[in-house]
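See structure below.
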Amino acid sequence: MEAEKIFKKLIAENAKDTYRRQIFDDNVSRYDSSVHQALMHYSNVELARKRAGSIRAKGINGLEKYLIEFEANMVSNGGKVLWAQDAEEATTLIINVLKSKRISKVTRSFSLLADEIGLSDAFNEEGIACSDVNIGEYILTHFNEDPRHPSSVLISKRLSDIKEALKNEDHISSKHTAIDVIEYLRKKFKFEFKSSVASVTGANYLIADTGSVCISENSGDAVLNSVIPDIHIVLAGIDKIIPSIVNLDTLLPLYATYSTGERMNAYNSLINGPSRDSEVDGPGELYVILIDNGRSGVLEKKLQRRALSCIDCGACHNACPVFRIIDGQGYGTTYTGPIGSVITPWMNEPEEFIHLSYSSPASAGYNDVCPVSINLSQQLLYNRNDYMSLGNQSILQRFTMEGWHRFLKSRKWMDAKPNWKNYLIRRLNGGRLLGSQITLSDFNFKQLWEERREGKSI
C-alpha cells in the first residue's frame, strides 16, 4: 500500500518538527480563545448545532431531489449546470468551457475541491495560466505546499516565516507588519482581477429552493473573483446542497464561529446566476460544475454518510492531537484530520487509504467541537469495523490487536511503571512513527480510580 508507506514516512518527519508544532499550538490557542468568546453570543449553542446537523443531514439524505431542484432553479436564473462523475470529467468540462471562449488565463480563489481534482495540473498541461488570488494559498505556493486545513491554511506558519518567503518576489521585508503584507497582496491581486476574463471559485453551499450558490469568506477574493471576470466557474461537490435559503441563518454564524472564532464572516455572497441587463456587476456567464468524484461511495455507507454533512470549518482538525503533531502535510491527501480520515477511504480505494481511519484516535473531543454534530469518533470506529470485515488485515495487524487486547485486560500491565509502558508504546507501530512525542504520565489506573472514589480528584 503505497499511500500508507508515504503517510508513515511523512508523519515520522513532521513529528520531529518541533518548531512548526509550536507555531501550530500557539495559533490554536488563539483560535480556542476566539471561539470561546464567540460562543458566548449563543443562548443555546447545543440547540443551534443540532439544528445545523439536521439541516445538513436532510440535504444529504435527500441529495437526488435537492440537486435536481437546484439545477432547475439555477438554469431558470440563467446559469448553466454541468455534472462530473470524476476528477478527469470535471477538469475536461472546465477546460472545454475555457477553450470554447479562447481563454488562456484564469484567476482562482481558494478551493480544496480544485486541489482534489488536480485542476492546476490540468491547466498546466493545456497551457492555461492560473493565478491564485487567495492570500493564504498564494503564500503557501512560496513554501511549495498545498493547503491541508479547510479554513486556516496558514495555521502552521509564523509571520516572520511568511515575510522571509515573500522577500524576493514581493520585496517584503522584516519591517513590514501583517497589515502591510495583506494590503500589498490585495493591491497585487487587483491587477489580476482586472485582467482576468474567467474565474474559478468554490462554494460553501448550494441552495436548492432558490438555485443559489453561497460563498462565505473573510479575505474577499471570492467576492471580486465572482463579479469582475466575465465568466465565472463554480466548483461544488454534490454534498454541498442544502434545502432552503432560510437555512443560512443557522449555518453561516456557526461556520464563522467554529472556523475563525468570529460571530459572522466578513463576506457572505449569494450568487443567483449571471448578471442581468439592469445590473452593472457580475459575470456574463455562470457555470456550476457539480462533482461526485467518490462522494457516492461515502453515500453508500449508511453509517458513514453523515460525514458528508461537514461544513469544512476545521474545528475537528484543531482538536485532533495527531493532526497537531503531523500537520495536514503528513496525510498526503486533500482532506485531512478526523473528517478526512472518515471520508477519504470510501472516496477512493478503501484498501489504499483505510490506514487513515487509524491515524486519528476515536476521541469524543471531535464531537464536542463539530458545529453540525457529526459523531466523528463513532464514524472512525465504523470505518475500522468495515475494514476488519473486508478480511484484508495482515497477520502482523492481527497479532498487534491481540497484544493490545491482552495488555488492556491486564491490571498488572495497566498498573506498571510509566517507564515500562512508555517503552512498550514506543516499540509498537505508533511509537516508531511518532517517537518521543508519545509519553504516558506518572500514574497508574488503580491509584487514579481510588482517588476518584475518595473524591480526591475529578
Select from the stretch 193-206 the residues that are among the polar types (S, T, N, Q) and either in contact with a Cys (Cβ under 6 Å, 6 or more places away or on another chain) or part of a loop (DSSP other than H, G, I, E, B) (or both) and list them in ascending order. S196, N204
Across (1) farther than 22 Å from K101 by Cβ; (2) surrounded by 23 or more Cβ atoms within 10 Å (Cβ to Cβ), D249 clears everything bar (2)
Any idea which of (1) modelled with pLDDT of 90 or more; (2) buried (at least 24 other Cβ atoms within 10 Å of the Cβ); (3) farther than 21 Å from I155 by Cβ; (4) not aromatic (F, W, Y) is the one P371 doesn't satisfy? (3)
Is it the case that some residue within the stretch 56-63 is in contact (Cβ under 8 Å) with a residue 40 or more places away in the chain, assigned to a strand (DSSP E or B) and not assigned by TED's automatic domain parsing to the domain that holds N375? no
Restricting the search to the stretch 12-26, which residues are of a type outside the set (D, E) and in contact (Cβ under 8 Å) with a residue 12 or more places away in the chain? A12, N14, A15, K16, R20, R21, I23, F24
With the requirement that a residue be basic (K, R) and under 22 Å from A222 (Cα atoms), what does the stretch 168-188 give you? R186, K187, K188
Are there any pairs, at least 6 apart or on different chains, whose C-beta atoms fall under 9 Å, with the first in the stretch 368-392 and closer than 15 Å to F353 by Cα and the second of a type in the set (D, E) and part of a helix (DSSP H, G or I), and if so, which? Y387/E351; L390/E351; N392/E351
Picking from S29, S33, which residue would you name as being exposed (fewer than 13 other Cβ atoms within 10 Å of the Cβ), assigned to a helix (DSSP H, G or I) and touching a residue at least 24 places away in the same chain (Cβ under 8 Å)? S33
Is it true that some residue in the stretch 170-190 is in contact with a strand residue (DSSP E or B) (Cβ under 9 Å, 6 or more places away or on another chain), within 25 Å of I271 (Cα to Cα) and not β-branched (V, I, T)? yes
Wholly inside the stretch 93-192, helices (runs of 4 or more DSSP H) that include 1 or more residues that are among the acidic types (D, E) and more than 30 Å from D17 (Cβ to Cβ) are 119-126
Quick one: which residue in N96, N124, N144 is surrounded by fewer than 16 Cβ atoms within 10 Å (Cβ to Cβ), free of Cβ contacts under 8 Å to residues at least 12 places away in the same chain, at positive phi and not aromatic (F, W, Y)? N144
Per-region count, the stretch 303-356, residues under 18 Å from Y258 (Cα atoms), surrounded by fewer than 21 Cβ atoms within 10 Å (Cβ to Cβ) and over 11 Å from the mean Cα position of the chain (by Cα): 2
Which one is nearest to the chain's Cα centre (by Cα), of the residues in the stretch 1-26 that are assigned to a helix (DSSP H, G or I) and of a type in the set (G, A, S)? A3
Looking at the stretch 241-260, is at least one residue modelled with pLDDT under 95, in the same structural domain as S199 (by TED's automatic domain parsing) and under 17 Å from the mean Cα position of the chain (by Cα)? yes
Those residues of the stretch 285-342 which are over 25 Å from L254 (Cα atoms), in a helix (DSSP H, G or I) and modelled with pLDDT of 90 or more, in sequence order: S296, G297
Matching residues, the stretch 166-179, being under 25 Å from S259 (Cβ atoms) and surrounded by fewer than 18 Cβ atoms within 10 Å (Cβ to Cβ): T177, A178, I179
Would you confirm, using the coordinates I've provided, whether E88 is acidic (D, E), without any contact (Cβ under 8 Å) to a residue 60 or more places away in the chain, assigned to a helix (DSSP H, G or I) and in contact with a Ser or Thr (Cβ under 9 Å, 6 or more places away or on another chain)? no
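The values are calculated or read from the model by the stated rules, or taken from the named source; none is laboratory data. Treat the numbers as computed from the prediction; the structure is a model and nothing was measured. No Cβ is skipped: glycine too gets one built from the backbone with ideal geometry, and neighbour counts run over all protein chains shown.
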